[in-house]
Amino acid sequence: MSTRPRGAHRHPHLTALAAAAMVAIAATSCSSSSTSSGTTTTQPTLTGSITVSAASSLTGTFGQIGTQFQSAHPGTTVKFNFGSSGALVTQIQQGAPADVFASASTKDMTTAQTSGDIVGKPVIFARNTLEIVVKPGNPLGIASLADLNKATVVALCTPSAPCGAAAAAVLQQAGITLPTSKVTLGTDSKSTLQQVTSGGADAAIVYVTDAKTVGAIGTGVPIPASWNFITSYPIALVKGTANAALGTAWIAYVVGPRGQKVLRVAGFLAPG
């Protein structure tokens with residue numbers, strides 16, 4: 001489960017898990033390998049396509065990683081289905097096409113595992129935290145969670161979305177109660193952010209990675225680490241995938257140095 005940090009030393013350290021998963025994934029991916037006689041054999045080149053169902057907060061980064069991956073593996077296609085993690089689990093359970101699932105919540109990944117829709121052990125590949133975003137120039141002078149009560153409308157993710165559950169935990173820990181009359185709900189972090197950038201809300205609580213994309217149409221207000229919340233992102237193969245080799249290679253690429261570089265630049269935290 002995701003945890004609320006009181007300091008960096010209390011964060012779960014998942015580097016070893018990620019490293020172990022990379023080794024396991026690399027062992028099963030299509031690449032050159034050596035036989036017992038010492039002869040090197042080349043396995044078939046990756047081909048075909050996969051569909052990756054991923055949390056909407058991964059839209060920009062996975063799009064970039066996908067472009068890099070396809071360049072590295074000509075003849076492959078990575079398609080994406082972005083949405084709220086809980087909604088994606090429901091789609092997968094109902095048989096929607098998916099080869100890989102990348103969630104913004106360990107809870108939603110566990111739900112997919114419990115229903116028998118995941119192959120193997122998921123790997124944590126990134127973490128995320130929250131930030132307040134207000135209108136450009138911060139006209140209401142919102143400098144803290146308590147100042148959210150200055151706003152007429154505050155946008156939050158729906159409670160069923162990972163960003164909504166995280167925001168609820170942050171507000172509870174900070175002792176802040178927002179009247180329901182001033183709260184508007186978005187289906188995910190991106191739609192919640194859009195309510196501020198479009199002028200419909202005075203403030204929103206969204207992922208740091210989404211707040212970084214706001215540019216000149218919003219202003220970010222950091223949430224102190226003592227009250228913030230860390231969300232872990234797991235990734236795994238979906239049961240029944242028709243292209244396990246390509247799905248496995250995609251996971252290895254996301255967990256590997258090139259995928260991790262893209263995620264760090266976007267503001268995601270390392271797995272541990």
Condition check for SER160: out of contact with any His (no Cβ under 6 Å at 6 or more places or on another chain), hydroxyl-bearing (Ser, Thr, Tyr) and modelled with pLDDT under 95
yes
Restricting to region 101-139, name every residue that is touching a residue at least 40 places away in the same chain (Cβ under 8 Å) and among the β-branched types (Val, Ile, Thr).
THR106, ILE118, VAL119, VAL123, ILE124, THR129, ILE132, VAL133, VAL134
Name the residue, out of THR67, THR111, that is farther than 27 Å from THR213 by Cβ, assigned to a helix (DSSP H, G or I) and at pLDDT 95 or above.
THR111
From THR197, THR184, residue being within 30 Å of ALA146 (Cβ to Cβ) and either surrounded by 16 or more Cβ atoms within 10 Å (Cβ to Cβ) or within 14 Å of the chain's Cα centre (by Cα) (or both)
THR197
One residue from LEU171, LEU156, LEU140 being part of a strand (DSSP E or B) and not assigned by TED's automatic domain parsing to the domain that holds ALA249:
LEU156
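The values are calculated or read from the model by the stated rules, or taken from the named source; none is laboratory data. Keep in mind it's a predicted model, so treat the numbers as computed, not measured. As a convention, Cβ positions derive from the backbone with ideal geometry for all residues, glycine included, and neighbour counts pool all protein chains shown.
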